[in-house]
Amino acid sequence: MLQCLMHTRFEFPQQTAFYKGKVRDVYTIKNNYLVSIATDRISAFDVVLPRGIPYKGQVLNLIAKRFLELTKDIVPNWLIESPHPNVSIGLKCQPFKIEMVVRAYLVGHLARWYKAGHRTICGATLPEGLKEFDALPHPIITPTTKADQGHDMDISPSEIIHQKLATPEQYEQLEQYSLKLFQRGQEYARQRNLILADTKYEFGLFDGKIYLIDEVHTPDSSRYFYADSYEEALKNNESPKQLSKEFVRQWLIENNFMGQEGQRVPEMTDTKVEEISNRYIELYENVMGEKFLKTDYTNIEKDIETAVLQSLEKLN
Ligand SMILES: Nc1ncnc2c1ncn2[C@@H]1O[C@H](COP(=O)(O)OP(=O)(O)OP(=O)(O)O)[C@@H](O)[C@H]1O
Ligand SMILES: [Mg+2]
């Protein structure tokens, strides 16, 4: 039996709101704090897949925690404490309605855009002659809208300001933070023999100050390559092995699912679910440079509740 944490429905003291994201169950406490529970739900093409992936929540939460700690000298972030491997507690910020996507390689959406003949994206210019998976001359920022519903869309900085999604000063600061964070992420990845190809950051305001929120440098928000096999793959005109959710997307595409109307998610057998779970664990061990310790699922909801209650008591 494959165990998963799919849904939670807690009633914490002084809870003022509950939000069910695609992956996280987010509880608001006293309008100021968030209890964010990373479940084992998995989304692709903005659709939550019918089956969960054992340990995925834990993988995401622990990687995000590590990078929030490793980058707090660059920008303050929302995290106060992680009282359980699936849980983070921190400041509830007013999110900017944009995602700051930073890209250093021609891969994914950018590769498709480039192949279609485009040489500019979100105000950034791309040189001629790039091949898929090539490094860009320098990292570029390609922000997207953070859609309440449907798919996120590319947006240019001038449009962000025109639509008042951020002031010019705020946007300038978000760009600076994003590039510095990305540089830190790349340095860290290099030490692990990985390449951070791209990622996205979210920011929010608390007391008028900008904070980094959400998850950072996780396989759901980033793409990594294995540095060793990257060069080799390019020489042989092959796709470099990626550490990201991309392999799930690839599998879905091969089975005719891209999140569009009328398309059906292919059957997720136990074998498939286990394969994806193992891939997430492999990813954890490569990114973190340490063995993954599986959390016990026997009483996981109770364990989470106890840990959160203890933590909230300290906050009061
Ligand atoms: N500190 C924070 N303050 C406010 N909102 C936050 C904070 N950290 C994360 N969030 C928001 O909480 C949600 C986390 O849920 P989850 O990761 O499941 O969402 P998602 O699948 O990325 O997007 P969606 O919200 O569209 O489902 C996101 O909407 C994210 O923007
Ligand atoms: Mg998210």
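The values are calculated or read from the model by the stated rules, or taken from the named source; none is laboratory data. Everything numeric here is computed off the predicted structure, so don't read it as measured data. A quick note on method: Cβ atoms are made from the backbone with ideal geometry, for glycine too, and the neighbour counts reach across all protein chains shown.
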(Q) Take ASP152 and tell me if it is of a type in the set (Asp, Glu), modelled with pLDDT under 95 and surrounded by 12 or more Cβ atoms within 10 Å (Cβ to Cβ). (A) yes
Q: Residues being assigned to a helix (DSSP H, G or I) and β-branched (Val, Ile, Thr): count how many of those fall in the stretch 251-272.
A: 2
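I'm checking my understanding of the structure. Among residues of the stretch 182-225 that are of a type in the set (Phe, Trp, Tyr) and in a helix (DSSP H, G or I), which one is farthest from ligand 1 (Cβ to nearest atom)? Give the steps one after another, and end with the answer.
Of the stretch 182-225, the ones of a type in the set (Phe, Trp, Tyr) are 182, 188, 201, 203, 206, 211, 224-225.
Checking the rest, the ones that are also in a helix (DSSP H, G or I) come to 182, 188.
Numbers: PHE182: 19, TYR188: 21 Å.
If we take residues in the stretch 182-225 being of a type in the set (Phe, Trp, Tyr) and in a helix (DSSP H, G or I), then TYR188 is farthest from ligand 1 (Cβ to nearest atom).
Restricting attention to the stretch 155-168, does a residue exist that is among the polar types (S, T, N, Q), under 30 Å from ASN31 (Cα atoms) and within 16 Å of ligand 2 (Cβ to nearest atom)? It would help to see each step written out before you state the result.
From the stretch 155-168, those among the polar types (S, T, N, Q) are 156, 158, 163, 167; that's our starting set.
Filter again for under 30 Å from ASN31 (Cα atoms), leaving 163, 167.
If we keep only those that are within 16 Å of ligand 2 (Cβ to nearest atom) too, we end up with none.
So far as the stretch 155-168 goes, no, none of its residues is among the polar types (S, T, N, Q), under 30 Å from ASN31 (Cα atoms) and within 16 Å of ligand 2 (Cβ to nearest atom).
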Q | Selection within the stretch 21-49 - over 15 Å from SER88 (Cα atoms), surrounded by fewer than 21 Cβ atoms within 10 Å (Cβ to Cβ) and within 10 Å of ligand 1 (Cβ to nearest atom) | A | LYS22, SER43, ASP46, VAL48
(Q) Condition first: under 21 Å from PRO168 (Cα atoms), part of a loop (DSSP other than H, G, I, E, B) and of a type outside the set (A, V, I, L, M, F, W, C). Now tell me which residues in the stretch 141-157 satisfy that. (A) THR142, PRO143, LYS146, SER156
Q. Among (1) in a loop (DSSP other than H, G, I, E, B); (2) more than 16 Å from ligand 2 (Cβ to nearest atom); (3) modelled with pLDDT of 95 or more; (4) not polar (S, T, N, Q), where does LEU2 come up short?
A. (3)
Q: Go through the stretch 167-182 residue by residue and tally those that are under 18 Å from ASP73 (Cα atoms) and either among the hydroxyl-bearing types (Ser, Thr, Tyr) or touching a residue at least 24 places away in the same chain (Cβ under 8 Å) (or both).
A: 9
Q. Somewhere in the stretch 229-237, is a residue at pLDDT 95 or above, among the basic types (Lys, Arg) and over 22 Å from the mean Cα position of the chain (by Cα)?
A. no
Q. In the stretch 197-243, which residue that is β-branched (Val, Ile, Thr) and within 16 Å of ligand 2 (Cβ to nearest atom) is farthest from LYS131 (Cα to Cα)?
A. ILE213
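Take GLU128 and decide whether it is acidic (Asp, Glu) and either farther than 30 Å from GLY208 by Cα or in a strand (DSSP E or B) (or both).
On the way: acidic (Asp, Glu): yes; either farther than 30 Å from GLY208 by Cα or in a strand (DSSP E or B) (or both): yes.
Yes: the conditions hold for GLU128.
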Q. Of all residues in the stretch 166-181, which are within 13 Å of GLU202 (Cα to Cα) and part of a loop (DSSP other than H, G, I, E, B)?
A. ALA166
Q. Among the residues of the stretch 186-203, which ones are surrounded by 19 or more Cβ atoms within 10 Å (Cβ to Cβ) and more than 14 Å from TYR105 (Cα to Cα)?
A. ALA189, TYR201, GLU202, PHE203
Q.
List pairs: first residue in the stretch 274-293 and aromatic (Phe, Trp, Tyr), second residue part of a helix (DSSP H, G or I) anywhere in the structure, Cβ distance under 6 angstrom, at least six positions apart or on different chains.
A. TYR280/LYS56; TYR280/VAL59; TYR284/VAL59; PHE292/ILE281; PHE292/TYR284; PHE292/GLU285
Q | Filtered residue count, the stretch 276-294, keeping only those that are closer than 13 Å to LEU2 by Cα and either surrounded by 14 or more Cβ atoms within 10 Å (Cβ to Cβ) or under 18 Å from the mean Cα position of the chain (by Cα) (or both) | A | 2
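Could you say which residue among ALA166, ALA135 is at pLDDT 95 or above and within 16 Å of ligand 1 (Cβ to nearest atom)? Before you say what the answer is, go through the steps one by one.
Working: ALA135 fails: within 16 Å of ligand 1 (Cβ to nearest atom).
Sole residue among the options that is at pLDDT 95 or above and within 16 Å of ligand 1 (Cβ to nearest atom): ALA166.
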Q) Counting only residues that are surrounded by 19 or more Cβ atoms within 10 Å (Cβ to Cβ) and basic (Lys, Arg), which one in the stretch 71-122 is nearest to ligand 1 (Cβ to nearest atom)? A) LYS92
